[in-house]
1. Only one of Val195, Val174, Val169 is free of Cβ contacts under 8 Å to residues at least 60 places away in the same chain and more than 51 Å from the chain's Cα centre (by Cα); which?
2. Residues Glu151, Glu156: which one is under 30 Å from Phe298 (Cα atoms), in contact with a strand residue (DSSP E or B) (Cβ under 9 Å, 6 or more places away or on another chain) and charged (D, E, K, R)?
3. Is it the case that some residue within the range 222-229 is closer than 30 Å to Glu128 by Cβ and either in a strand (DSSP E or B) or outside the structural domain of Gly172 (by TED's automatic domain parsing) (or both)?
4. Output the qualifying pairs, or none if there are none: Cβ atoms under 6 angstrom, residues six or more apart or on different chains, first residue in the range 80-96 and of a type in the set (S, T, N, Q), second residue at pLDDT 85 or above.
5. Would you point out the residue of the range 241-260, among those that are assigned to a strand (DSSP E or B), under 27 Å from Pro184 (Cβ atoms) and not hydroxyl-bearing (Ser, Thr, Tyr), that is farthest from the chain's Cα centre (by Cα)?
6. Ala238 - would you say it is part of a strand (DSSP E or B), among the small types (Gly, Ala, Ser), over 30 Å from Ala214 (Cβ atoms) and in contact with a strand residue (DSSP E or B) (Cβ under 7 Å, 6 or more places away or on another chain)?
7. Do you know which of the residues in the range 128-150 that are in contact with a Pro (Cβ under 8 Å, 6 or more places away or on another chain) and within 26 Å of Gln98 (Cα to Cα) is modelled with the lowest pLDDT?
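The values are calculated or read from the model by the stated rules, or taken from the named source; none is laboratory data. From a predicted model like this one, the values you see are computed outputs, not experimental measurements. In this analysis, Cβ positions are derived from the backbone assuming ideal geometry, glycine residues included, and neighbour counts consider all displayed protein chains.
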Amino acid sequence: MIRKHIVLWTLIAAAIAAGVIVLVVRLPKLRPRLTTLQGAVIRSDKNPEHREPIAGVTVTARRGAITASATSDASGYFRITFPEPIWPGQTVTLSYSQPDYHTMWQDLKFQFRSSSRQLMVAELKPLERESQPTPGKAAHVVSDIRIRYTENSRSEQNIGSAARTFQVVNKGNVPCRNQGPCSPDGNWKAHAGSVKMDAGPGNTFRNVRASCIAGPCPFTRIDTHGFQRGGRVIQVSALDWSDTATFLVEAEVYRTSSVSSVRESYPVIFDREISFTLPASQEGVSIQATVDGTPMLFPLGPDIYLEWATCTYRTNRDTNSIVYQCALKPDYRF
C-alpha cells in the first residue's frame, strides 16, 4: 500500500513539474506587451466638419519616472514607443500640448487584451482667439474664391510614320542536312535577315507592322520579338527557306512631351474656414478672390501665406493628394 502511495505521489509531482515547465516556456508568449501607443489628435468641435486633424502636437506618455514622447504629423497621427512593457492594471498618463490649443491630460489604464490594440483619439479645444473685426472698423469682405494651379502631364503626339523594305536572299529546295538555319520542319536550307530602325531622340515607334510582300511568302516566318512592344529602336527579323523574299515594315512615330495646363477649382466653405484638395503633381498654387469688390490673385508660395487667412496643408496618404485648410483672420469675413 505504501508503495502504491509513493508511485501516485511521484506521478502527481511529475505532472506538476511538467505543467510548470510548460508555463515557464509559454510565459513570454502570454505576457502582455503594450510597448506602443498610437492615436490621432483632432480639433474639438460640435460640428463634425470642423474636427480637423492637428499637426505638431507634442504627445507625452508617463508612467512613474518613465516618459516617452512623439509629435503628431500632418494627419494628426502619433505613435509612441514606450521604453518598457506596461502590465495589466498599470496606468499611463498622456499629455497633449500645442501652442494654439488647451493642454489636455488623459489617463489610460491598461487592460490585458483591449488596451493593447486601442486607438486613441484626443480632441483638443482651441484657445479663444479674437474672430471679430476691430471695434469701429468694418470687416473686409472676401468673396468669389477660386483655386488656380498648374499641372504638368505627359502628352504623346503622332508626328509621322516610317516604312522600310528588306530582302532575305535564299535559294529554294536545298536540303538542310542539319546545317542551320533550316526550315521549321528541318528539311530545307534557310536564310535569316533583319532590318533595324531608329525613331530618333525623344521619339518612339508604335503600331509596328511587318509582312512579306514579294516572293514565296508561304515559306517565310517573321520574328515579332524585336518590335511587338515598339520603342525608339526596333528590329524586324525574318526566316526564308525558299527563294528570295521581300518584306515591308511600317510604323507610326510618336513624340512624348511635357504639357502644362492651368486648372481651376472651388473650395468648400465652412463658417470662417475654406478647405480644398489638389493633386500631388500641382505647381504654382494661388487663390483668386474678390476682396472688398476688387478681384485679386494671391500666390500661396512655399509658406502658404495669405494676408486675409491663415493656411495649413497636409498630404493625404491614401490618395496622395494635398489637403489645404485656411481660416479667416479677425478683420475679414466671407
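1. Val174
2. Glu151
3. no
4. That search, which allows pairs on different chains as well, returns Thr93/Arg62; Ser95/Thr60; Ser95/Trp105.
5. The extreme case among them is Ala245.
6. For Ala238, the condition - part of a strand (DSSP E or B), among the small types (Gly, Ala, Ser), over 30 Å from Ala214 (Cβ atoms) and in contact with a strand residue (DSSP E or B) (Cβ under 7 Å, 6 or more places away or on another chain) - is not met.
7. Glu130
Every residue, every condition in (1) part of a strand (DSSP E or B); (2) buried (at least 17 other Cβ atoms within 10 Å of the Cβ), yes or no:
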{"residue": "Val262", "(1), (2)": "yes, no"}
{"residue": "Gly284", "(1), (2)": "yes, no"}
{"residue": "Ile287", "(1), (2)": "yes, yes"}
{"residue": "Thr310", "(1), (2)": "yes, no"}
{"residue": "Thr319", "(1), (2)": "no, no"}
{"residue": "Ile322", "(1), (2)": "yes, yes"}
